[in-house]
Amino acid sequence: MKTFRIVVGILALLVLALFAAAILLPPVVVDQDTLVELLFTAIGIPILTLNMWAWVHPEIIEFYFFGKEIKNVTT
């Protein structure tokens, strides 16, 4: 799980770089469908979602990616 968090964290840094490029760099053509914005939407949002799941709800990642069963703990 630690390796998964590191890999997703590195990918999140790439997503943040895409986001910064979309904000800071002026577009070549004044168009809302620039490639950087489309890349952020298509690649960035799923990576950030996986990153959030890896840190907040690791049991979801373990179930869907590693096949471990979720234990129901009721008190």
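The values are calculated or read from the model by the stated rules, or taken from the named source; none is laboratory data. Just so it is clear, the structure is predicted and the values come from calculations on it, not from any experiment.
Assorted remarks:
- Qualifying residue in region 27-36 (condition: modelled with pLDDT of 80 or more, of a type outside the set (S, T, N, Q), within 18 Å of the chain's Cα centre (by Cα) and more than 25 Å from Met1 (Cα to Cα)): no
- Any hit, region 15-22, residues being within 16 Å of the chain's Cα centre (by Cα), in a helix (DSSP H, G or I), aromatic (Phe, Trp, Tyr) and modelled with pLDDT of 80 or more: no
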